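Below is one structure, written out as structure tokens; comments come after it.
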Amino acid sequence: MFRKSLEAVVAVAWATLTATAADIAPSQTKLTAAEIVNKNVAARGGLEAWRAVKTMSLSGKLGAGGNQRATLQVPNPSGQTQVSTRQSRQPMMPARPLEEVQLPFVMKLQRPRKMRFELEFAGQTAVQVFDGANGWKLRPFLGRRVVESYTADELKTTSTQADLDGPLVDYAAKGTKLELEGVEKAEGRDNYKVKLTLNNGETQHVWIDVQSFLETKMSGQPRRLDGTDHPVEVHMRDYRAINGLQIPFLLETRVLPVAKTVLGLRDTAVPPEKTMIEKVVINPKFEEALFSKPEPGLSASVVQ
């Protein structure tokens with residue numbers, strides 16, 4: 001009885017604190033969600049500058065290792081996961097080694113929502129391609145040299161991803177609604193927490209630094225581990241100016257723990273995954289064949 005009473009008191013106290021924070025934070029900011037996002041777009045280079053970006057090439061390394069459970073996801077510079085590898089039963093690459101390794105990758109993006117991702121490992125190249133409507137994958141790491149189509153779930157997830165500029169640029173034209181949920185600490189700094197409701201009804205959160213107005217972190221696609229969906233956050237760091245656009249060169253994906261898995265087991269920590277971008281090219285020239293169904297065993301290079 002005492003325990004139930006205590007839980008009731010804690011619940012009421014928490015609700016009171018939450019309501020108070022929600023009431024205080026917006027009055028302190030004196031900015032609406034739309035104004036915050038507009039300042040974010042301006043800080044990242046401006047609306048017209050991003051609208052002028054038709055293609056983008058990114059290359060760097062993905063850190064993998066120390067976690068046999070997780071599968072790699074590929075965030076773009078805005079933090080969005082371009083191709084969610086939620087297929088933990090059929091990952092793009094085999095189980096990672098115990099020691100962390102740096103895997104070279106190249107990502108090529110073209111409006112609207114076209115993407116080609118190549119990942120090298122042990123002299124082989126895995127390829128994922130989405131042409132805006134259909135997707136394919138080639139996974140030689142698993143001994144599969146036959147091109148496979150995306151599953152229905154992969155296609156659904158990929159087709160709803162944001163364009164190369166992320167979900168905040170031209171948010172109204174994309175049918176996204178904004179809601180300011182207050183101010184929270186992220187990376188040790190105050191951040192506006194903005195809720196996005198996409199045109200398909202899905203929700204997402206973005207944390208925007210109150211000083212720089214650049215994104216600090218963003219919620220990602222949930223990661224299914226041990227039969228349980230885990231929340232995911234993508235942290236964005238080391239912003240650099242490329243052709244006047246602010247782009248994060250370090251992205252860290254964190255799979256957050258849950259109280260218990262669907263099996264009733266206590267959850268274990270998942271090491272963060274780092275994406276280190278080494279080179280960004282704005283508006284390179286791509287051959288259209290890059291976004292066509294890949295040929296088994298072949299990897300096309302970017303044309304600049």
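The values are calculated or read from the model by the stated rules, or taken from the named source; none is laboratory data. Values in this document were obtained by computation on a predicted structure and should not be read as measured data. A quick note on method: Cβ atoms are made from the backbone with ideal geometry, for glycine too, and the neighbour counts reach across all protein chains shown. Ligands, DNA and RNA are stripped out before the accessible areas are found, and what is left, the full protein with its side chains, is counted by its heavy atoms. Shrake-Rupley method; radii C 1.70, N 1.55, O 1.52, S 1.80 Å.
Yes/no matrix, rows are residues, columns are (1) closer than 27 Å to G46 by Cβ; (2) among the β-branched types (V, I, T); (3) out of contact with any Ser or Thr (no Cβ under 9 Å at 6 or more places or on another chain):
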residue: V206; (1), (2), (3): yes, yes, no
residue: E215; (1), (2), (3): yes, no, no
residue: S219; (1), (2), (3): yes, no, no
residue: R237; (1), (2), (3): yes, no, no
residue: N243; (1), (2), (3): yes, no, yes
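Filtering segment 86-99 down to residues that are charged (D, E, K, R), more than 26 Å from D163 (Cβ to Cβ) and open to solvent by 40 Å² or more (accessible area, probe 1.4 Å), which residue is modelled with the lowest pLDDT? Full working, then the answer.
Residues of segment 86-99 charged (D, E, K, R): 86, 89, 96, 99.
Then keep just the ones that are more than 26 Å from D163 (Cβ to Cβ); that gives 89, 96, 99.
With the extra rule that they be open to solvent by 40 Å² or more (accessible area, probe 1.4 Å), the set shrinks to 89, 99.
Working: R89: 35, E99: 58.
The residue in question is R89.
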(Q) For the structure I just gave you, tell me whether S301 is modelled with pLDDT under 80 and not β-branched (V, I, T). (A) yes
Q.
I'm trying to understand the selection: among the residues of segment 183-227, which are charged (D, E, K, R) and not in a strand (DSSP E or B)?
A. E187, E202, D226
(Q) Show the residue pairs meeting these rules: Cβ distance below 6 Å; 6+ apart or different chains; first residue within segment 104-122 and on the phi > 0 side of the Ramachandran plot; second residue open to solvent by 10 Å² or more (accessible area, probe 1.4 Å). (A) R113/G132; R113/D163
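Please determine, by comparing only the residues of segment 269-283 that are part of a loop (DSSP other than H, G, I, E, B) and at pLDDT below 90, which one is surrounded by the most Cβ atoms within 10 Å (Cβ to Cβ). Talk me through it step by step, then tell me what you get.
First, the residues of segment 269-283 that are part of a loop (DSSP other than H, G, I, E, B): 269-272, 283.
Retained after the next criterion (residues that are at pLDDT below 90): 269-272.
On the way: A269: 10, V270: 19, P271: 16, P272: 15.
Among those residues, the one meeting the criterion is V270.
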**Q.** Hits in segment 193-227 - residues which are open to solvent by 20 Å² or more (accessible area, probe 1.4 Å) and over 19 Å from D165 (Cβ atoms)
**A.** K193, K195, G201, T203, V210, Q211, P222, R224, D226, G227
Q) Does any residue in segment 207-220 that is on the phi > 0 side of the Ramachandran plot come within less than 6 Å, Cβ to Cβ, of a residue that is of a type outside the set (A, V, I, L, M) and open to solvent by 20 Å² or more (accessible area, probe 1.4 Å) six or more places away or on a different chain, and which pairs are these? A) F213/K39
Q: Considering each residue of segment 100-158, count those that are within 28 Å of P271 (Cβ to Cβ), open to solvent by less than 50 Å² (accessible area, probe 1.4 Å) and not in a strand (DSSP E or B), and give that number.
A: 6
Q) Between a first residue in segment 283-297 that is under 13 Å from Q128 (Cα atoms) and a second residue that is surrounded by fewer than 13 Cβ atoms within 10 Å (Cβ to Cβ), which pairs have beta carbons less than 8 Å apart while being 6 or more apart in sequence or on different chains? A) P296/R145; P296/V146; G297/R145
